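Q: My questions will all concern the structure given below.
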Amino acid sequence: MRTLERTAGEKDAGRKVKYFVRGDMGVSYHQYASLKAQGGLTVNGAAARANDLLRPGDVVAVRLDEPERFGVAPDPTPVDVVYEDQDILILDKPAPLACQCSPKQEGMTLENRLACRYPGMVFRPLNRLDRGTSGLMAAAKHAHAAQVLQRQLHTDAFVREYLAVAEGRMAGEGVIDAPIAKEAAATVRRVVDRENGRPAVTRYRVEQACDGCSLVRLRLETGRTHQIRVHLAHLGHPVVGDFLYGKEDPRLPGRFALHSTYLRLTHPVTGETIECESPLPEALRRLI
């Protein structure tokens with residue numbers, strides 16, 4: 001169980017508890033309603049009511065009761081945890097590996113591995129990665145952290161950078177501003193559609209050009225499904241091994257040459273900046 005605490009300051013004198021918890025502590029309306037029902041809100045250790053008035057120095061505590069999730073088959077395969085505290089996890093996912101269990105998903109997933117390491121924990125990934133993509137992804141350990149981090153997505157507070165090995169020789173840097181939509185009569189594939197697509201923006205910089213391929217660093221400004229894969233294919237340089245938007249590569253069984261290499265976020269509770277990096281996997285380094 002996670003408890004958040006914050007001390008009221010001079011500016012909070014006479015302020016109602018509910019506004020302090022919803023505003024300064026960032027607790028959502030749904031979570032606040034649950035707190036009241038379960039008696040999870042206290043001031044100076046005593047049960048508090050929504051309209052109680054604060055005094056400077058009052059310590060407001062919020063108990064984040066979490067439902068436990070069982071029924072996910074545990075997989076004892078180790079998980080590469082890059083950063084962990086009471087509120088968040090940053091993981092380095094291998095490929096090929098799906099993130100979450102679903103009725104359409106066959107075989108074990110990252111969620112199954114986490115079910116073994118953290119029995120009962122609800123898996124709340126913030127930036128999901130395709131089965132064929134490796135690298136860094138963040139997950140919240142409780143609903144409050146998830147809600148705060150979701151507000152950061154696609155802002156400067158939550159930065160994601162990828163390395164891709166793309167087909168063909170590319171040069172320089174630029175911005176791909178090309179709306180993406182689901183392809184008609186397809187269940188997975190996406191396409192650039194300037195009339196019906198949703199806004200999608202990717203910044204890129206070529207870091208190395210080789211015979212037949214290029215190493216490209218990409219930063220997402222939006223988070224559309226398959227965004228990098230669609231945008232690079234739109235430029236005529238699909239990700240190496242991308243069976244959906246390019247062609248399979250026998251050197252990359254089950255995956256393609258896309259890796260989440262850098263992640264920076266603002267911690268949902270402490271406000272500190274958390275930065276993590278993951279080097280390009282050996283299988284992708286060999287391509288260049």
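Q: Could you grab the pairs with beta carbons closer than 9 Å, sequence gap of 6+ or different chains, first residue in the stretch 184-203 and among the hydrophobic types (A, V, I, L, M, F, W, C), second one in a loop (DSSP other than H, G, I, E, B) and exposed (fewer than 10 other Cβ atoms within 10 Å of the Cβ)?
A: The qualifying pairs are Val191/Ala184.
Q: Return the only residue of Asp87, Asp58, Asp75 being in contact with a Lys or Arg (Cβ under 6 Å, 6 or more places away or on another chain), farther than 26 Å from Arg251 by Cβ, outside the structural domain of Ile274 (by TED's automatic domain parsing) and surrounded by 15 or more Cβ atoms within 10 Å (Cβ to Cβ).
A: Asp75 is the lone residue from the list that is in contact with a Lys or Arg (Cβ under 6 Å, 6 or more places away or on another chain), farther than 26 Å from Arg251 by Cβ, outside the structural domain of Ile274 (by TED's automatic domain parsing) and surrounded by 15 or more Cβ atoms within 10 Å (Cβ to Cβ).
Q: Could you please find all residues in the stretch 97-111 being touching a Ser or Thr at 6+ places or on another chain (Cβ under 8 Å) and modelled with pLDDT of 85 or more?
A: Step one: filter the stretch 97-111 for residues touching a Ser or Thr at 6+ places or on another chain (Cβ under 8 Å), giving 97-101, 108.
Across the stretch 97-111, the qualifying residues are Leu97, Ala98, Cys99, Gln100, Met108.
Q: Which count do you get for residues in the stretch 98-123 that are within 16 Å of the chain's Cα centre (by Cα) and not polar (S, T, N, Q)?
A: 7
So that you can scan it fast, the table gives a plain yes or no per residue for (1) in contact (Cβ under 8 Å) with a residue 60 or more places away in the chain; (2) in the same structural domain as Leu149 (by TED's automatic domain parsing); (3) over 18 Å from Glu183 (Cα atoms); (4) aliphatic (A, V, I, L, M):
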| residue | (1), (2), (3), (4) |
| --- | --- |
| Leu215 | yes, yes, yes, yes |
| His234 | no, yes, no, no |
| Leu263 | yes, yes, yes, yes |
| Ser278 | yes, yes, yes, no |
| Pro281 | yes, yes, yes, no |
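Q: Quick test of your reading of the structure: Glu161 fulfils all but one of (1) modelled with pLDDT of 95 or more; (2) surrounded by 15 or more Cβ atoms within 10 Å (Cβ to Cβ); (3) over 23 Å from Asp92 (Cα atoms); (4) among the acidic types (Asp, Glu). Name the failing condition by number.
A: The one condition Glu161 does not meet is (3).
Q: Right, Asn127: buried (at least 18 other Cβ atoms within 10 Å of the Cβ) and out of contact with any strand residue (DSSP E or B) (no Cβ under 9 Å at 6 or more places or on another chain) or not?
A: Details: buried (at least 18 other Cβ atoms within 10 Å of the Cβ): yes; out of contact with any strand residue (DSSP E or B) (no Cβ under 9 Å at 6 or more places or on another chain): no.
Answer is no for this residue.
Q: Name the one entry in Ala33, Ala8, Ala95 that is crowded, with 18+ Cβ neighbours inside 10 Å, farther than 25 Å from Pro253 by Cα and of a type in the set (Gly, Ala, Ser). Spell out the reasoning first.
A: Working: Ala33 fails: crowded, with 18+ Cβ neighbours inside 10 Å; Ala95 fails: farther than 25 Å from Pro253 by Cα.
Just one listed residue meets the conditions, Ala8.
Q: Could you tell me how many of the residues in the stretch 119-147 are within 30 Å of Ala257 (Cα to Cα), in contact with a Ser or Thr (Cβ under 8 Å, 6 or more places away or on another chain) and outside any loop (DSSP other than H, G, I, E, B)?
A: 4
Q: I would also like to ask the following. So which residues in the stretch 164-201 are under 27 Å from Arg251 (Cα atoms) and surrounded by 13 or more Cβ atoms within 10 Å (Cβ to Cβ)?
A: Across the stretch 164-201, the qualifying residues are Ala164, Val165, Ala166, Glu167, Gly168, Arg169, Met170, Arg189, Arg190, Val191.
Q: Which residue, of Val230, Val269, is part of a helix (DSSP H, G or I) and either over 18 Å from Ile176 (Cβ atoms) or out of contact with any Phe, Trp or Tyr (no Cβ under 6 Å at 6 or more places or on another chain) (or both)?
A: The conditions single out Val230.
Q: Please tell me if Gly168 is closer than 19 Å to Leu97 by Cα, at pLDDT 90 or above and more than 14 Å from the chain's Cα centre (by Cα).
A: Working: closer than 19 Å to Leu97 by Cα: no; at pLDDT 90 or above: yes; more than 14 Å from the chain's Cα centre (by Cα): yes.
Here the answer is no, as Gly168 does not meet what is asked.
Q: Among the listed residues Gly23, Gly9, Gly39, identify the single one that is at positive phi and of a type outside the set (Val, Ile, Thr).
A: Details: Gly23 fails: at positive phi; Gly9 fails: at positive phi.
So the residue among Gly23, Gly9, Gly39 that is at positive phi and of a type outside the set (Val, Ile, Thr) is Gly39.
Q: Filter the stretch 2-61 down to the residues that are under 29 Å from the mean Cα position of the chain (by Cα) and without any contact (Cβ under 8 Å) to a residue 24 or more places away in the chain, then identify the one that is farthest from His267 (Cα to Cα).
A: Within the stretch 2-61, the match that is farthest from His267 (Cα to Cα) is Ala33.
The values are calculated or read from the model by the stated rules, or taken from the named source; none is laboratory data. Since the structure is predicted, the reported quantities are computational estimates derived from the model, not experimental observations. Quick reminder, even Gly has a Cβ in these numbers, built from the backbone with ideal geometry, and neighbours come from all protein chains shown.
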